[in-house]
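Asks: Quick one: structure below, then a few questions.
We did not get these values from a lab; they are worked out from the coordinates using the rules stated. Everything numeric in this text was worked out from a predicted model, so none of it was measured. Positions of Cβ are backbone-derived with ideal geometry, glycine not excepted, and every protein chain shown enters the neighbour counts.
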Amino acid sequence: MNNPILVVDDSKHVQRQIEIFLIPEGFSRLFFVNSAQEAFHLLGLDDENSKNRKCEIDLILMDINMPGTNGVEACLKINATRHLKNIPIIVITAEDTDEGLKQAFGAGAIDYIKKPLNPVELIARVSSVLKLKKEMDERENREKELLTLAQVLEKTNQELQQANEKLHQLSRTDSLTGLANRRFFDEMLHNEWKQSVRLAKPLSLLMIDIDFFKNYNDTYGHQKGDECLKRVSMAILSALKRECDIIARYGGEEFVALLSDTDESGAVMVAKAMQSNIEAMNIPHKDSNASGRITVSIGISNEVPSAASSPEKLISKADKALYLAKYEGRNLIKW
Ligand code: GH3
Ligand code: MG
Ligand code: MG
Ligand code: MG
């Protein structure tokens, strides 16, 4: 135990006594100052830049009666300073009245020693206060470590949560087009179906398939094929005007749109808008039908959902209409 101790006393005699009593006990790192002002200077209290510096003093022995700033005021000031308030202060008092002592404790002193100094008492109090300080420091360090650990855990949790959300999002998205994938579409279709049964509102489903797309890949290559799929998906998407409309990539070159509260004529209008958007892009496809550019066939189904039917039947009806559109020459809308 050779902690640095600061002794603040205007009496050279008291300073000398403390030195004589403490050094043989192993307390050789003693710093003596004659006034509170000198102590403030040593503790960096008159230096703005040192406010956050860790102070290298573990204990202060503070005389109460000093000219200038007295010990009580000095205690108050030290205790009000963030980087110093953990340093324990033992006050040294010659007063017979207890008033000074009371004030010193009120100002944050942890213990007191009366003059004339009794060496056994001085050593015992200094040792016990330093032991207490050590325990408090250790506890503070443990608390800081726990806090850091808690912060790390919190951050890890947040990152995990974000990764999970990302994963969840990815599991619902088609990576090529960014549209919903088939799995997510099936989930949304069942929800919409239930909602429409409850509200007795018509539900329309559009099955959209690119014409002669195998030929397109064969002629222009798979990469151009992917680009074409992306452009077609955007053209289809931009034909949907309502927030609640649902669009997904259903299979390779097949897309599906679900329009709630939409009757047959509304669905046909949307299908026509999709076709004209695709036509406007004018993507060359020389091995296509007569148009010489990319076209789509669209099958539409529509019903007011009820317990007698099912989402699967709605899809199957759109599939049949799509088949008819292909059969009758492609680039057609059928329902
Ligand atoms: P139809 O007019 O009857 O629809 O003829 P089709 O050639 O479009 O239909 P088919 O089902 O015979 O071929 C679909 C093609 O779509 C086959 C496959 O190479 C292509 N395809 C499916 N998914 C992708 C993809 O992710 N990228 C690319 N580039 N091509 C794809
Ligand atoms: Mg004095
Ligand atoms: Mg096709
Ligand atoms: Mg197909």
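Asks: Mind running the shape call on region 147-288? Use the C-alpha gyration tensor, a ≥ b ≥ c as the square roots of the eigenvalues: rounded below 1.5 for a/c, prolate if a/b tops b/c, oblate otherwise.
Replies: oblate
Asks: Right, something else. Give me the lysines in straight-line cross-link reach of Lys334: C-alpha distance below 16 Å, same-chain residues under 8 apart excluded.
Replies: Lys272, Lys317, Lys320, Lys326
Asks: So what is log10(I(q)/I(0)) for region 234-326 at q = 0.10, 0.19, 0.21, 0.23 1/Å, when the Debye sum runs over its Cα atoms only?
Replies: Result of the Debye calculation: -0.28, -0.98, -1.17, -1.36.
Asks: Over the chain, what is the percentage of antiparallel beta bridges among all DSSP beta bridges, to the nearest 5?
Replies: Counting only bridges with both partners in the chain, antiparallel ones make up about 55 percent.
Asks: So how far apart, in nm, are the two label points at Glu25 and Glu187 if each is 7 Å from Cα heading toward Cβ?
Replies: Between Glu25 and Glu187, the label points sit 7.1 nm apart.
Asks: Under 10 Å, Cα contacts only: if you run a Gaussian network model on the chain, which one of Asp47, Asp226, Asp174 comes out with the highest mean-square fluctuation?
Replies: Asp47
Asks: Same structure again: Within region 7-40, which trypsin sites (Lys or Arg not before Pro) sit in a loop by DSSP and count at most 15 neighbouring Cβ atoms inside 10 Å?
Replies: Arg29
Asks: Per residue, how much space in cubic angstrom lies within the convex hull of the C-alpha atoms of region 111-229?
Replies: 223
Asks: Which of the lysines could be linked to Lys12 by a straight reach, that is with a Cα gap under 22 Å, when you skip same-chain ones fewer than 8 residues away?
Replies: Result set, ordered by chain and number: Lys114, Lys115.
Asks: Then there's this: Expressed in whole Å with the largest first, what are the equivalent ellipsoid semi-axes of the chain derived from the C-alpha gyration tensor as the square root of 5 times each eigenvalue?
Replies: After diagonalising the Cα gyration tensor, the semi-axes are 91, 21, 16 Å.
Asks: Going by C-beta contacts inside 10 Å, put Ile298, Ile247 in order with the fewest on the left.
Replies: Ile247, Ile298
Asks: Please return the longest stretch of the chain lacking exposed loop sites, where GluC sites (Glu not before Pro) count only if DSSP places them in a loop and at most 15 other Cβ atoms lie within 10 Å.
Replies: 96-242
Asks: Using only the Cα atoms of region 258-308, what are the Rg and Dmax in Å?
Replies: Just the Cα atoms of region 258-308 yield Rg and Dmax of 14.7, 47 Å.
Asks: Taking amide hydrogens as modeled 1.01 Å from N in the peptide plane, which residues meet the under 5 Å criterion relative to Val7, leaving out close sequence neighbours?
Replies: Phe31, Phe32, Val33, Leu61
Asks: Then there is this: So if R0 is 35 Å, what FRET efficiency would Ile123 and Lys144 give, r being the distance between their Cβ atoms, rounded to the nearest 0.05?
Replies: Efficiency, from the Cβ-Cβ distance: 0.65.
Asks: Need one word for region 1-124: rounded, prolate or oblate. Basis is the Cα gyration tensor (sqrt eigenvalues a ≥ b ≥ c); a/c below 1.5 gives rounded, then a/b vs b/c decides.
Replies: Taking the square roots of the gyration eigenvalues as a ≥ b ≥ c, region 1-124 is oblate.
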